[in-house]
Protein chains: 2
Amino acid sequence: MPKQVDHDERRRQIGDAVCRLIAARGLDAVSLRHVAAEAGVSMGRVQHYFATKDEMLMFAFELISSRVAARFGALPVEDPAELLRAVLLELLPLSPAARAEAPVLAAFLAQAVVEPRLGEPLRQGNGEMVAWLAGMITAVRPGGDAERDAMALLAFVDGLMLQVLIGQVSPEMAVELVDHQLSRVLTCG
Amino acid sequence: MPKQVDHDERRRQIGDAVCRLIAARGLDAVSLRHVAAEAGVSMGRVQHYFATKDEMLMFAFELISSRVAARFGALPVEDPAELLRAVLLELLPLSPAARAEAPVLAAFLAQAVVEPRLGEPLRQGNGEMVAWLAGMITAVRPGGDAERDAMALLAFVDGLMLQVLIGQVSPEMAVELVDHQLSRVLTCG
DNA sequence: CGTTTTACGATGCGTTCGCATTGCAAAAAC
DNA sequence: GTTTTTGCAATGCGAACGCATCGTAAAACG
């Protein structure tokens with residue numbers, strides 16, 4: 001056999017190229033040839049690591065999902081209120097990393113509207129997010145319907161992410177909106 | 001010439017088929033052949049009324065935009081608070097009409113992230129929406145930063161629309177979230 | 001050393017795509 | 001009644017698509 005190669009690493013490289021393509025030109029710009037070109041490899045290699053285009057896209061989806069989760073895990077543990085704020089801001093395209101990931105998330109989010117197979121993992125991730133947010137809210141402001149507030153916050157930052165992506169809302173304004181929203185949730189329970 | 005035909009009506013019929021396709025299978029399911037089949041006409045006719053696929057998609061975008069605007073205009077004029085609530089709920093996929101339009105709006109919204117030509121009209125529409133919402137907020141609750149609240153509300157309902165579309169949030173829960181959010185904005189300015 | 005297995009690169013196939021072209025029936029214009 | 005113009009239907013074209021197949025260099029394995 002040829003030199004034993006790190007299978008997962010190769011898949012990750014190709015998955016990265018897929019994400020870059022989605023971020024720059026949207027989901028329908030993803031073709032085996034474009035991905036190969038973006039990754040700087042041959043089309044044969046792409047096919048070697050992914051049996052179908054669909055499997056490749058699913059892998060890319062799990063890749064960015066895990067990246068977002070990793071960024072959350074890397075946040076410094078501060079008091080609950082600061083952590084809550086940090087997580088919400090992390091979902092917005094403010095840092096370079098988030099700015100690269102947000103368009104990809106947006107594309108998959110829209111695709112999930114017409115593709116049930118994407119909806120399932122997305123709902124699960126959102127559900128965990130809501131539970132976590134609710135926990136933080138309760139820690140800061142006991143009493144009140146924390147879960148409802150968590151769902152509202154998540155919908156809010158999701159929409160805000162899109163508004164920032166299409167240039168409707170500036171990053172600075174987005175931060176201000178998040179802070180204002182948070183103060184409302186945490187003070188007038 | 002053949003029987004004089006209502007040009008605009010024919011374009012509308014085809015545009016309708018485009019929207020139905022987008023709602024059911026996403027933007028990338030839109031091809032000249034699929035549109036022709038969905039509209040029950042020949043591909044030649046589609047080409048006769050739209051020089052390019054892009055022009056057809058742009059027309060479909062303006063079509064649903066005008067429909068949404070029409071539904072807003074058709075709302076009964078009540079007191080500002082009720083009207084504000086009605087408009088926000090109208091953006092969610094609750095009524096049959098809104099449920100048909102929301103997936104199309106979501107698809108165009110996501111496309112606008114990577115297609116600047118869509119972003120421009122979208123930003124303008126959102127801008128007008130924010131101004132209108134701010135006016136209503138001021139009417140109900142003078143003082144406070146109405147425009148900021150309007151932007152937050154719009155981001156919130158945009159995100160909520162997506163959550164409902166992917167089945168994360170039930171329509172009933174969405175109404176509850178909107179009401180709760182509105183009460184916060186209007187009472188704890 | 002020889003065999004086997006891995007990791008590709010290359011090529012080709014059938015389909016679908018957007019779009020251009022052509023032809024023609026029918027009604028308005030004269 | 002002829003001419004002209006409109007509204008299509010039909011067909012074709014080159015490009016791009018996902019995917020299958022085949023060939024091969026090379027390293028692990030016995």
- Message: Would you confirm, using the coordinates I've provided, whether A:LEU186 is at pLDDT below 95, out of contact with any Gly (no Cβ under 7 Å at 6 or more places or on another chain) and either surrounded by 18 or more Cβ atoms within 10 Å (Cβ to Cβ) or among the hydroxyl-bearing types (Ser, Thr, Tyr) (or both)?
- Response: yes
- Item | Odd one out for A:GLY73 among (1) farther than 21 Å from B:LEU160 by Cβ; (2) over 13 Å from the mean Cα position of the chain (by Cα); (3) buried (at least 19 other Cβ atoms within 10 Å of the Cβ) | (3)
- Query: Going by the structure shown, is B:LEU83 hydrophobic (A, V, I, L, M, F, W, C), buried (at least 19 other Cβ atoms within 10 Å of the Cβ), within 30 Å of B:ALA139 (Cα to Cα) and in the same structural domain as B:GLU172 (by TED's automatic domain parsing)?
  - Reply: no
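Is it true that some residue in the range B:49-69 is in contact with a Lys or Arg (Cβ under 6 Å, 6 or more places away or on another chain) and either open to solvent by less than 20 Å² (accessible area, probe 1.4 Å) or modelled with pLDDT of 95 or more (or both)?
Within the range B:49-69 (the criterion being in contact with a Lys or Arg (Cβ under 6 Å, 6 or more places away or on another chain) and either open to solvent by less than 20 Å² (accessible area, probe 1.4 Å) or modelled with pLDDT of 95 or more (or both)), the answer is yes, since at least one residue qualifies.
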- Item | Residues located in the range B:137-174, provided they are surrounded by fewer than 16 Cβ atoms within 10 Å (Cβ to Cβ), over 18 Å from A:ASP158 (Cβ atoms) and in contact with a helix residue (DSSP H, G or I) (Cβ under 9 Å, 6 or more places away or on another chain) | B:ALA139, B:GLY144, B:ASP145, B:GLU147
- Message: Whether any residue in the range A:171-184 is touching a Cys at 6+ places or on another chain (Cβ under 9 Å) and in a helix (DSSP H, G or I) is what I want to check.
- Response: yes
- Subset of the range B:2-48, residues β-branched (Val, Ile, Thr), within 7 Å of DNA strand D (Cβ to nearest atom) and at pLDDT 95 or above, comes to B:VAL41
- Item | Selection count where residues are closer than 29 Å to B:CYS188 by Cα, among the basic types (Lys, Arg) and in a helix (DSSP H, G or I), scope the range B:88-145 | 1
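Output the number of residues of the range B:1-39 satisfying the condition of being in a loop (DSSP other than H, G, I, E, B) and open to solvent by less than 30 Å² (accessible area, probe 1.4 Å).
From the range B:1-39, those in a loop (DSSP other than H, G, I, E, B) are B:1-6, B:26, B:30-31; that's our starting set.
Within this subset, residues satisfying the condition of being open to solvent by less than 30 Å² (accessible area, probe 1.4 Å) are B:26, B:30.
Summing the residues that are in a loop (DSSP other than H, G, I, E, B) and open to solvent by less than 30 Å² (accessible area, probe 1.4 Å) in the range B:1-39 gives 2.
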- Residue identified as touching a Leu at 6+ places or on another chain (Cβ under 6 Å), within 21 Å of A:ARG85 (Cβ to Cβ) and not hydroxyl-bearing (Ser, Thr, Tyr) among A:ALA112, A:ALA155, A:ALA146: A:ALA155
- Note on the structure: So, first residue more than 7 Å from chain B (Cβ to nearest Cβ) in the range A:168-189, second residue aromatic (Phe, Trp, Tyr), Cβ within less than 9 Å, six or more apart or across chains; the pairs are A:VAL178/A:PHE156
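If you go through the range A:35-70 one residue at a time, how many are over 26 Å from A:LEU165 (Cβ atoms) and within 15 Å of DNA strand C (Cβ to nearest atom)?
14
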- So which of A:ARG117, A:ARG123 ends up being open to solvent by 30 Å² or more (accessible area, probe 1.4 Å) and touching a Gly at 6+ places or on another chain (Cβ under 8 Å)? A:ARG123
- Message: Every residue in the range B:29-75 that is of a type in the set (A, V, I, L, M) and within 14 Å of another protein chain (Cβ to nearest Cβ), please.
- Response: B:ALA29, B:VAL30, B:LEU57
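Does B:ALA134 fit the bill of being more than 24 Å from A:HIS180 (Cβ to Cβ), touching a Lys or Arg at 6+ places or on another chain (Cβ under 9 Å) and either more than 8 Å from every other protein chain (Cβ to nearest Cβ) or not hydrophobic (A, V, I, L, M, F, W, C) (or both)?
The answer is no for B:ALA134.
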- Query: Does A:ALA98 fit the bill of being without any contact (Cβ under 8 Å) to a residue 12 or more places away in the chain and aliphatic (A, V, I, L, M)?
  - Reply: no
- Note on the structure: Per the filter on the range A:23-34, residues touching a Leu at 6+ places or on another chain (Cβ under 9 Å), aliphatic (A, V, I, L, M) and more than 14 Å from DNA strand C (Cβ to nearest atom) are A:LEU27, A:VAL30
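Given the criterion among the acidic types (Asp, Glu) and within 12 Å of chain B (Cβ to nearest Cβ), identify the matching residue among A:GLU115, A:GLU78, A:GLU82, A:GLU101.
A:GLU115
The values are calculated or read from the model by the stated rules, or taken from the named source; none is laboratory data. Here the structure is a predicted model, which means the values were calculated and not measured. Don't worry about glycine lacking a Cβ; one is built from the backbone with ideal geometry, like all the others, and counts go over all protein chains shown. We work out accessible area using only protein heavy atoms, side chains counted, and drop any ligands, DNA or RNA first. Shrake-Rupley method; radii C 1.70, N 1.55, O 1.52, S 1.80 Å.
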